[in-house]
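The structure appears right after this line, and notes come after that.
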Amino acid sequence: MTAKTFVNEICAQPSVEALQSFLKSHRDRDQLRTTLFNALDKVREYENANEWATAVCICEALTIVGWAKRERVDAISRFNGDCWETYFINSFGEHRFREGRWTKRKAGWVLFNPKYHASPDFPNIPSKSWKLFAGVDFAAVNSPKLLSQRNYQKQMPIIMGLIGGSNATSDCASKLKRELDHFLRRSMEPEMYGDALECFYFTLLCPYLDTTYTPHLKIGAYRPLQRSFYCDLFFGEDFGDRDRNDQKAFFIENLASAINALEFKFRKKRINFDITRFQSHVESACEAWMRADRISFDDGQPTE
């Protein structure tokens with residue numbers, strides 16, 4: 001069986017259980033893993049939906065047979081509220097290889113403005129900005145959907161994005177966001193909560209250009225099909241001048257309010273999710289953060 005035929009067989013398996021049975025029949029795991037690695041290396045910079053689908057199948061297979069000394073990544077497809085996106089992600093929530101955004105046209109799915117994230121397995125290949133691919137016309141592929149890995153590992157659900165201009169408030173909010181994220185990743189256990197929520201988007205909006213905000217929390221919607229919840233936290237111009245503990249408290253109080261709003265929505269709709277444990281883990285992270293001094297990330301590793 002050629003490597004191409006083998007990969008086609010993997011992609012033809014209708015379920016993870018069927019894939020496990022198929023791979024179990026191949027006793028030479030080292031050779032099997034080598035074949036899968038070689039196949040993944042050909043599509044880690046996928047250029048169309050078919051190549052992305054192949055990458056997904058290979059990652060599913062490697063999750064079963066093991067990644068050996070290479071870093072495990074999962075191949076995920078999701079709708080981000082604006083468009084569909086695809087990416088490889090490790091257990092720490094870090095992106096690897098190509099990250100793509102997609103538009104759906106009559107001819108099919110078309111990739112646009114992808115970027116590339118460096119991987120420790122390929123230290124000689126640097127990250128690449130989307131600007132390098134802005135003028136590339138990628139081929140359209142008519143497929144029903146963009147595949148997503150079925151046996152993926154759940155990620156830390158609280159995702160804090162930041163929108164704002166270049167100013168003291170944005171700089172301060174960005175640093176505090178990174179600190180809080182550090183403690184949340186230590187405390188939270190995504191596998192324990194349930195399947196109703198995967199992405200808790202807590203977007204931070206800071207002043208930019210001539211726009212100013214009154215500090216407040218905007219509770220958004222819970223979207224069951226995306227298993228996502230959206231909230232926006234607005235910062236005032238003077239946020240960067242406030243006492244550090246006051247700055248932390250602003251983050252924590254509003255995050256708690258957002259979680260309380262989600263709890264109300266889940267309870268009202270009788271959605272099965274361990275929100276109590278979710279809240280407890282967030283509170284533990286916030287308490288540890290309040291006790292901590294400033295954290296330095298300058299060397300790539302956080303130090304308290």
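The values are calculated or read from the model by the stated rules, or taken from the named source; none is laboratory data. These figures come from a predicted structure and were not determined experimentally. Here the Cβ is made from the backbone with ideal geometry for all residues, glycine too, and neighbour counts use every protein chain on show.
Observations on the structure shown:
- Residue count for segment 222-233, restricted to those that are surrounded by fewer than 19 Cβ atoms within 10 Å (Cβ to Cβ) and in contact with a helix residue (DSSP H, G or I) (Cβ under 9 Å, 6 or more places away or on another chain): 1
- Filter result for I89 (surrounded by 13 or more Cβ atoms within 10 Å (Cβ to Cβ), in contact (Cβ under 8 Å) with a residue 60 or more places away in the chain, in contact with a strand residue (DSSP E or B) (Cβ under 6 Å, 6 or more places away or on another chain) and within 19 Å of Y152 (Cα to Cα)): yes
- Some residue of segment 172-180 being in the same structural domain as S228 (by TED's automatic domain parsing) and in contact with a Cys (Cβ under 7 Å, 6 or more places away or on another chain): yes
- Search result, residues across segment 131-144 that are touching a residue at least 60 places away in the same chain (Cβ under 8 Å) and outside any strand (DSSP E or B): F138, A139, A140, S143
- Considering residues of segment 150-167 that are within 10 Å of the chain's Cα centre (by Cα) and not basic (K, R) only, the residue surrounded by the most Cβ atoms within 10 Å (Cβ to Cβ): I158
- Taken as a whole, segment 180-195 holds no residue that is within 16 Å of the chain's Cα centre (by Cα), over 18 Å from W84 (Cα atoms), among the aliphatic types (A, V, I, L, M) and at pLDDT below 90.
- Hits in segment 196-223 (condition: touching a residue at least 40 places away in the same chain (Cβ under 8 Å) and outside any strand (DSSP E or B)): A196, L197, E198, C206, P207, L209
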